[in-house]
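Note sheet for the following structure.
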Amino acid sequence: MDASFIKDLLIKHAKTQEVPSTQLISEWSFSLMEVLFPEVSEKRLNSEWEIQNIFGKLELELKTLLYNTRSCDHTRYDEIAVHFFSKLPAIYKDLLLDIEAIVAGDPAAWSAFEVIRSYPGFFAVYMYRVAHQLHLDGVPLLPRILSEFAHSRTGIDIHPAAKIGKSFFIDHGTGVVIGETTIIGNHVKIYQGVTLGALSIDKKMAGIKRHPTVEDNVIIYSGATILGGETIVGQGSIIGGNVWLTRSVPPGTKVYHNADNKVIENLIQN
């Protein structure tokens, strides 16, 4: 083996920050999920003390992960971990609404247990809501690792900085992409293969809203691509399968694709 190649690798190892493995980080998030949703666990907790004790352990583990990823100023590790767990009841409440939306909106879903245990869309949304709260607390690396773990497991790619409202439902899910500056309202349903992306990937656009806004009660069917930071899908609209959309549509609009063109039909009767 070339000696200079080995030397270059050794230098890189010496300079590169040590970070816990993706497996270790994802195990923390899954352990949290097991407390919130015993449907995914073989173990049942038998007392309030036991639940509090596990939360305390997970809070300590989060502090350690923050320290070992050098995710923020060392004086904030305790503050961030404590704040995250203070927000956990609100995160849990939002996840319950997500579960209700899936059970109500999918004829194939027979129970909340089935959704929690087996639906990739719910798992991806769970990981997003955990990662998003860490993102809001100013943690730069850990949220992205969690999101990419969910992406690898489900095929659903949700950037932790995206803003997603209540009662969110991803059906099937494989191939869904939700970009960093996407804003999604309440009671939105998305099918597999949907992309909420940017018109340009120029690095100069970092920090600029470059992904679309989807208002409340919108349905986006499989294979649809919606691009651009100025693109707004109005409340109550339906975006059909395989539509390519780069401009805003007003509330109550149906957009669908046929063999040759895109047809827009207003659903609101005057």
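Every number in this text was worked out from the coordinates using simple rules, so none of it is lab data. All values derive from a computational prediction rather than experimental measurement. Cβ placement follows ideal geometry from the backbone for every residue including glycine, while neighbour counts extend to all protein chains displayed.
By the count of neighbouring beta-carbon atoms within 10 Å, fewest first, LEU10, LEU62 end up ordered LEU10, LEU62. The length gained on full extension between GLU48 and GLN23, counted as 0.36 nm times the residue separation minus their Cα-Cα distance, comes to 6.1 nm. Charges were assigned to the Cβ only: +1 to each Lys and Arg, -1 to each Asp and Glu. The resulting dipole of the chain about its Cα centre is roughly 620 debye.
Of the residues THR181, TRP110, PHE37, the one whose Cα sits farthest towards the positive end of the charge dipole of the chain is THR181 (charges of +1 on Lys and Arg Cβ, -1 on Asp and Glu Cβ, taken about the Cα centre).
Within the listed set PHE55, PHE169, PHE84, the Gaussian network model of the chain (springs between alpha-carbon atoms below 10 Å) gives the highest mean-square fluctuation for PHE55. Placing R0 at 35 angstrom, the Cβ-Cβ distance between LYS57 and GLU230 gives a FRET efficiency of 0.15 after rounding to 0.05. What is the log10 of I(q)/I(0) for the stretch 19-156, computed with the Debye formula using one identical point scatterer on each Cα and no solvent, at q = 0.12, 0.14, 0.17, 0.18 Å⁻¹? The Debye formula, applied to the Cα set alone, gives -0.48, -0.65, -0.95, -1.06. Within the listed set HIS83, HIS187, HIS13, the Gaussian network model of the chain (springs between alpha-carbon atoms below 10 Å) gives the highest mean-square fluctuation for HIS13.
Contact order, relative form, for the stretch 100-174: 36 percent (alpha carbon pairs under 8 Å, 6 or more residues apart, mean separation divided by residue count). The GNM of the chain, with springs linking C-alpha atoms under 10 angstrom apart, assigns the highest mean-square fluctuation among LYS254, LYS189, LYS43 to LYS43. Estimate the FRET efficiency between ILE208 and HIS13 by the formula 1/(1 + (r/R0)^6), using the beta-carbon distance for r and 41 Å for R0, to the nearest 0.05. The formula returns an efficiency of 0.70 here. Karplus-derived 3J(HN,Hα) values for the stretch 240-245, using 6.51 cos²θ - 1.76 cosθ + 1.60 with θ = phi - 60°, are x, x, 6, 6, 10, 10 Hz; glycine and proline are entered as x. Scan [x] 21.0; [y] 13.7; [z] 19.7 for the value of mean projected area of the Cα convex hull in nm² calculated from this model and give just the label. Label [z] holds the value from this structure. Note that the stretch 219-231 has calculated 3J(HN,Hα) couplings of 10, 10, 7, 4, x, 6, 10, 10, 10, x, x, 9, 7 Hz, one per residue in order, obtained from phi through the Karplus relation 6.51 cos²θ - 1.76 cosθ + 1.60 (θ = phi - 60°); glycine and proline are x.
Here the simple spin-label model places points 7 Å from the Cα toward Cβ, and for TYR92 and ASN68 these points are separated by 2.6 nm.
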